[in-house]
Amino acid sequence: MSTTNSGSGITRERYRRLVYGLVGLGIVGLAVGLVLDQPLAGTSAYLVGVWVGAAIAFGAPKWSDATLQDERDYERHDRASGLAMGVVMVLGIGLIPPLYLLDAGGHVVITETVGGLIAGASALYLLYGVCLGIVQRRTHA
Amino acid sequence: MRNDLAERRADEGSSQGELAEAVGVTRQTINAIERDRYDPSLELAFELAAHFGCHIEDIFHPALD
């Protein structure tokens, strides 16, 4: 329950603050490490923050008696995921083929960074396809 | 979808948090349903109907306007 304390002592607000706080600290730690030229310390702070945050994000709803997430959260997550994938698809279909055509014609050059972004987007869609297949199998079993 | 959840809850004398706890969702979800900003799943609608001892259609009505 969001505002009701349970035996586990965690509320929805505390859960959210904890997860976002830990991930935020990890990101800040990484940035500070980069600025101070301490990449190992920064990376360590990032990994601890993100992994502990992720463990709490996924674990707390399972071990807590309180309702930390419910169907409305899942629906919002589904919608946001669908929107994000839609944006990536529209941008991908709208930009990638013309970009490669222009590159082939010598009008533009696909830099390493842009190539990396295209590869990343492609990998994301590949992962999405695999996850969609798994979900379809599970829901039509 | 329209609903009279707020009235039923007021008649019962329970808070949004208490109703949420009884049906296993967050207080924010009960608040969103009462303000017609969220249509619950069929499962939650059944939970709410069972809680108030009525049918789903007694609580939820299609918005015809």
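The values are calculated or read from the model by the stated rules, or taken from the named source; none is laboratory data. These figures come from a predicted structure and were not determined experimentally. With ideal geometry, Cβ positions are generated from the backbone for all residues, glycine too; neighbour counts draw on all protein chains shown. What goes into the accessible areas is simple: the full protein's heavy atoms, side chains included, and nothing from ligands, DNA or RNA. Shrake-Rupley method; radii C 1.70, N 1.55, O 1.52, S 1.80 Å.
Here are a few things to note about the model shown:
- Residue match in the stretch A:60-73 (condition: free of Cβ contacts under 8 Å to residues at least 40 places away in the same chain and more than 30 Å from B:Leu42 (Cβ to Cβ)): no
- Selection within the stretch B:28-47 - over 23 Å from A:Asp65 (Cα atoms), more than 10 Å from every other protein chain (Cβ to nearest Cβ) and open to solvent by less than 70 Å² (accessible area, probe 1.4 Å): B:Glu34, B:Asp36
- When the stretch A:41-58 is filtered for residues that are surrounded by fewer than 15 Cβ atoms within 10 Å (Cβ to Cβ) and at pLDDT below 95, only A:Phe58 remains.
- Filter pass, A:Leu99 being outside any helix (DSSP H, G or I) and either open to solvent by less than 60 Å² (accessible area, probe 1.4 Å) or under 30 Å from B:Leu19 (Cα atoms) (or both): no
- For the stretch B:48-61, the criterion of a residue being among the acidic types (Asp, Glu), away from chain A (no Cβ under 13 Å) and either in a helix (DSSP H, G or I) or in contact with a strand residue (DSSP E or B) (Cβ under 9 Å, 6 or more places away or on another chain) (or both) is satisfied by at least one position.
- You will find that of A:Val28, A:Val50, A:Val90, the residue that is part of a helix (DSSP H, G or I) and touching a Gly at 6+ places or on another chain (Cβ under 7 Å) is A:Val50 and no other.
- For the stretch A:63-88, a residue qualifies if it is surrounded by 14 or more Cβ atoms within 10 Å (Cβ to Cβ) and more than 14 Å from chain B (Cβ to nearest Cβ), and the qualifying residues are A:Met85, A:Val88.
- Matching residues, the stretch B:3-27, being surrounded by fewer than 18 Cβ atoms within 10 Å (Cβ to Cβ) and free of Cβ contacts under 8 Å to residues at least 24 places away in the same chain: B:Glu7, B:Ala10, B:Asp11, B:Gly13, B:Ser14, B:Ser15, B:Gly17, B:Glu18, B:Gly24
- Residue match in the stretch B:17-27 (condition: farther than 20 Å from A:Pro61 by Cα and either modelled with pLDDT of 95 or more or part of a loop (DSSP other than H, G, I, E, B) (or both)): no
- The set of residues from the stretch B:13-25 being β-branched (Val, Ile, Thr) and either more than 9 Å from chain A (Cβ to nearest Cβ) or out of contact with any Leu (no Cβ under 8 Å at 6 or more places or on another chain) (or both) comprises just one member, B:Val23.
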